[in-house]
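*Asks:* Here it is, the structure, as structure tokens.
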Protein chains: 2
Amino acid sequence: MKSKKVTFADIAEYTHFSKTTISRYFNNPDSLTLENQQKIAEALTALNYKENKVARILANGKSEFVGIIIPNLYMHYYSEMLNQILSTYETYGYKFLVFAGNENKDVERKYIEELLAYNIEGLIVLSPTIPSKELAAYNIPVVGIEREDQYICSVTTDNYMGGVQATSLLQKSNCDILIHINANISKDTPAYGRIQGFLTTCQEYHLPHELILAELGNTFEENHSSLSQILETLEAKYPAKKKGMFMSNDTHANVLLNLLVRKYGKLPDAWQIIGFDNSPISSEAVIPTSTVGQQIPLIAWETMELLSAQMAERKKRKPTPLAEPIHKIVAPVLIRRETTR
Amino acid sequence: MKSKKVTFADIAEYTHFSKTTISRYFNNPDSLTLENQQKIAEALTALNYKENKVARILANGKSEFVGIIIPNLYMHYYSEMLNQILSTYETYGYKFLVFAGNENKDVERKYIEELLAYNIEGLIVLSPTIPSKELAAYNIPVVGIEREDQYICSVTTDNYMGGVQATSLLQKSNCDILIHINANISKDTPAYGRIQGFLTTCQEYHLPHELILAELGNTFEENHSSLSQILETLEAKYPAKKKGMFMSNDTHANVLLNLLVRKYGKLPDAWQIIGFDNSPISSEAVIPTSTVGQQIPLIAWETMELLSAQMAERKKRKPTPLAEPIHKIVAPVLIRRETTR
């Protein structure tokens, strides 16, 4: 059974204030004296008043909603980022409307339109596929994580530093040849920094190296088959050399590791492996795998800091828009485990 | 720059209808003739009208919001379930407000209160910790996934059948002793069916067996240390026997598999392993691992079917409440890989 809803009229009658005063309490409490605020607050408790937030959004425009567009939750990086963003509720109080955009421009656009119809105060986009210029044109606070960010605020891992860290660790392991395998990614995506970090470090220290740019496929089976071929090629090309493998993510590092362990019963000394991300698979692998860790809790936190500052600015009588988008860079953390020695 | 908002008055002026007619178009379109609906629809396009859904919720009470309370997104089972539920948007049109409840009763209660303040039409709770009787008392459509469900609608995997499937597969692999390792879970949780399925099958076919009920810990390191000890105990207790291990989930199956592969360079014939869930780790493991697969897309789908039927009923002039909660059971799927032969 629902109890009858308590209305502004009920509260006015109980407190002997006018309905206008009650309305002001909800939409602009500081326009009342502290004493009167206190009286109304006590009346709400006495009447067992349940707030109707929808009415409140309509009255003052503050929905406390933040929209999130995420490519998928299959990949640990995205699900963990969402986990961390949701946990900021305790600090910021924003509620999250979540859509999985499936890396499709038109789907993302449709979802953003839906979110705008619900008066979201801000938008977080993970690895958006629509250009940052288009995102900026929606004219609401937006923070992007990863990918191209020229026109919007963003938070990104320092991928270049990650590439340097991984390459330096392989160098210390006395490898004869350093090999980085990555997809043929565009130079304006943040992840391209990993390739630059690898190449710069190899060139600086005159380290023999090879960069393999190849599509390894989108499924586990495709990764397995592509890396199996690459493994054969490398064993034929560098039979007597100690090979230092810098893989672009922990999933690929794990597939390569499993191929080697199944072939040799262990990870041979001639192979050193480091991944990227610090996904659960890197510690759950048959041999715990060295990796460059992305600080996901910190990225989530910086994202909400940037977004909430913009959302707070919008609530001022005369908001000052940002002169330039702010780009925050979060340092990666090198994690040494048992696949580098 | 925001363009000026198009109001009902603007639409009324453009179409020469009254504002009441325009309002009826949005809240009860079938009360207008098709011809008039068409005229108003054309006017909306001409005026570039952007719907304010918040106003619409207030007018007709239909928020199109469904609340989701999920324990966390660390575990693949939860993140994949959320992924699948979010993807039902294309079919049902409901938007999802998501909270991570952290398996804490008070946190769950607080989040449900928040969700109710936003006029959610229904609620999905994954592995709720608050009793189903309390969830039912909120008096909104609720569907629970896993855990105790006496007073609410629910969707659950047939855990008993899963236990039978796993045990039968180990039996066919000619194991000398069948061993099931699980936590000491309560008999009213659905997952207890796995233990019952194991025991019933062993008793029916007079199979030598051992049930190990033990807390293996909440982190990867704790799992590793507990299972390492169990492995030693079992090798001492059954040195010459072929051991068929039914693990309660794929994470534990993977830890056991890794311990064996690191010790012997391969999975010895004396050990057979099957997990539960069909998590990604079961196919990404060093030796792809047999498992009892939960049909997560089907569970998500059945959940939305149950919930949307209840939500639709609430919109009728005279809703008929459910006489009894509906409990849907989804069959598990046995997946044979390389750890059972």
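The values are calculated or read from the model by the stated rules, or taken from the named source; none is laboratory data. Bear in mind the structure is a predicted one, so any value in this text is a computation, not a measurement. Note: ideal-geometry Cβ built from the backbone for every residue, glycine included; neighbour counts use all protein chains shown.
*Asks:* Taking the residues in the stretch B:261-308 that are at the interface with chain A (Cβ under 10 Å from one of its Cβ atoms) and free of Cβ contacts under 8 Å to residues at least 24 places away in the same chain as candidates, determine which candidate is nearest to A:A253 (Cα to Cα).
*Replies:* Within the stretch B:261-308, the match that is nearest to A:A253 (Cα to Cα) is B:E284.
*Asks:* Then there's this: Regarding A:N182, is this residue modelled with pLDDT of 95 or more, under 30 Å from A:W271 (Cβ atoms) and under 15 Å from the mean Cα position of the chain (by Cα)?
*Replies:* Working: modelled with pLDDT of 95 or more: yes; under 30 Å from A:W271 (Cβ atoms): yes; under 15 Å from the mean Cα position of the chain (by Cα): no.
No, not satisfied.
*Asks:* Determine whether the stretch B:262-280 contains at least one residue that is crowded, with 24+ Cβ neighbours inside 10 Å and either of a type in the set (A, V, I, L, M) or over 24 Å from B:I195 (Cβ atoms) (or both).
*Replies:* Scanning the stretch B:262-280 turns up at least one residue that is crowded, with 24+ Cβ neighbours inside 10 Å and either of a type in the set (A, V, I, L, M) or over 24 Å from B:I195 (Cβ atoms) (or both).
*Asks:* Of the residues B:I140, B:I85, which single one is in contact (Cβ under 8 Å) with a residue 24 or more places away in the chain, more than 9 Å from chain A (Cβ to nearest Cβ) and over 17 Å from the mean Cα position of the chain (by Cα)? Don't jump to the end; show me each part of the working.
*Replies:* Numbers: B:I85 fails: over 17 Å from the mean Cα position of the chain (by Cα).
Of the residues listed, the single one that is in contact (Cβ under 8 Å) with a residue 24 or more places away in the chain, more than 9 Å from chain A (Cβ to nearest Cβ) and over 17 Å from the mean Cα position of the chain (by Cα) is B:I140.
*Asks:* Against the definition (more than 13 Å from chain A (Cβ to nearest Cβ) and part of a loop (DSSP other than H, G, I, E, B)), how does B:E103 come out, yes or no?
*Replies:* Details: more than 13 Å from chain A (Cβ to nearest Cβ): yes; part of a loop (DSSP other than H, G, I, E, B): yes.
Spelling it out, B:E103 is indeed more than 13 Å from chain A (Cβ to nearest Cβ) and part of a loop (DSSP other than H, G, I, E, B).
*Asks:* Let me ask something additional. Please work out if A:N258 is free of Cβ contacts under 8 Å to residues at least 60 places away in the same chain and buried (at least 23 other Cβ atoms within 10 Å of the Cβ). So that I can check it myself, show each step before the final result.
*Replies:* Working: free of Cβ contacts under 8 Å to residues at least 60 places away in the same chain: yes; buried (at least 23 other Cβ atoms within 10 Å of the Cβ): no.
In short, no.
*Asks:* While we're on this one: Select from the stretch A:143-156 the residues that are touching a helix residue (DSSP H, G or I) at 6+ places or on another chain (Cβ under 7 Å) and touching a residue at least 40 places away in the same chain (Cβ under 8 Å) and list them in ascending order. If you could, list the steps in order and put the result at the bottom.
*Replies:* Going residue by residue through the stretch A:143-156, those that are touching a helix residue (DSSP H, G or I) at 6+ places or on another chain (Cβ under 7 Å) are A:143-145, A:148-153, A:155.
Across the stretch A:143-156, the qualifying residues are A:V143, A:I145, A:E148, A:D149, A:Q150, A:Y151, A:I152, A:C153, A:V155.
*Asks:* Go through the residues of the stretch B:227-242 one by one and say whether even a single one is closer than 15 Å to B:T167 by Cα and touching a residue at least 40 places away in the same chain (Cβ under 8 Å). Steps first, please.
*Replies:* Residues of the stretch B:227-242 closer than 15 Å to B:T167 by Cα: B:242.
Okay, now just the ones that are also touching a residue at least 40 places away in the same chain (Cβ under 8 Å), so B:242.
Yes, that holds for at least one residue.
*Asks:* Here's something else I'd like to know. Only one of B:L135, B:L123, B:L97 is in contact with a strand residue (DSSP E or B) (Cβ under 7 Å, 6 or more places away or on another chain), more than 10 Å from chain A (Cβ to nearest Cβ) and assigned to a strand (DSSP E or B). Can you tell me which?
*Replies:* Values: B:L135 fails: assigned to a strand (DSSP E or B); B:L97 fails: more than 10 Å from chain A (Cβ to nearest Cβ).
Selected residue: B:L123, the only one of B:L135, B:L123, B:L97 that is in contact with a strand residue (DSSP E or B) (Cβ under 7 Å, 6 or more places away or on another chain), more than 10 Å from chain A (Cβ to nearest Cβ) and assigned to a strand (DSSP E or B).
*Asks:* If you check B:T289, B:T233, which single one turns out to be assigned by TED's automatic domain parsing to the domain that holds B:N182, surrounded by fewer than 20 Cβ atoms within 10 Å (Cβ to Cβ) and among the β-branched types (V, I, T)?
*Replies:* Of the residues listed, the single one that is assigned by TED's automatic domain parsing to the domain that holds B:N182, surrounded by fewer than 20 Cβ atoms within 10 Å (Cβ to Cβ) and among the β-branched types (V, I, T) is B:T233.
Residues checked against (1) surrounded by 13 or more Cβ atoms within 10 Å (Cβ to Cβ); (2) at pLDDT below 90; (3) farther than 28 Å from A:L306 by Cβ:
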site: A:T7; (1), (2), (3): yes, yes, yes
site: A:P29; (1), (2), (3): yes, yes, no
site: A:Y49; (1), (2), (3): yes, yes, yes
site: A:A55; (1), (2), (3): yes, yes, yes
site: A:N60; (1), (2), (3): no, yes, no
site: A:Y77; (1), (2), (3): yes, yes, no
site: A:L86; (1), (2), (3): yes, no, no
site: A:A100; (1), (2), (3): yes, yes, no
site: A:Y111; (1), (2), (3): yes, no, no
